[in-house]
Amino acid sequence: VEEELLDLHRADECSLRLAQIPGVGPVGATLLMLKTPDARLFESGRAFAAWLGLTPKDHSTAGKTRLGVITRAGDEMLRSVLVVG
């Protein structure tokens with residue numbers, strides 16, 4: 001399975017570029033390519049992070065912003081690979 005994953009990684013130019021980011025290796029880059037939609041669909045990096053489930057939950061009242069824990073939205077495997085990286 002690891003060999004097939006590396007073959008898939010080496011065949012995709014975007015996956016190779018993603019693997020150059022510190023903390024993102026072949027597994028993370030391949031998962032990002034396979035599981036995420038086109039990046040142009042997101043308004044910003046924060047919108048992408050929210051889609052992944054990496055933004056804190058908002059508990060705001062009366063004009064006071066209170067951020068809670070990281071939400072459990074998004075793909076759990078992809079989020080865990082990126083957080084561990």
Kindly provide the set of residues from the range 26-39 that are over 16 Å from R79 (Cβ atoms) and either surrounded by 15 or more Cβ atoms within 10 Å (Cβ to Cβ) or modelled with pLDDT of 90 or more (or both), ordered by number.
P26
Selection within the range 15-25 - exposed (fewer than 12 other Cβ atoms within 10 Å of the Cβ) and modelled with pLDDT under 90:
P22, G23
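The values are calculated or read from the model by the stated rules, or taken from the named source; none is laboratory data. Small disclaimer: the values here were computed from a predicted structure and weren't measured. All Cβ positions, glycine included, derive from the backbone under ideal geometry; neighbour counts span all protein chains shown.
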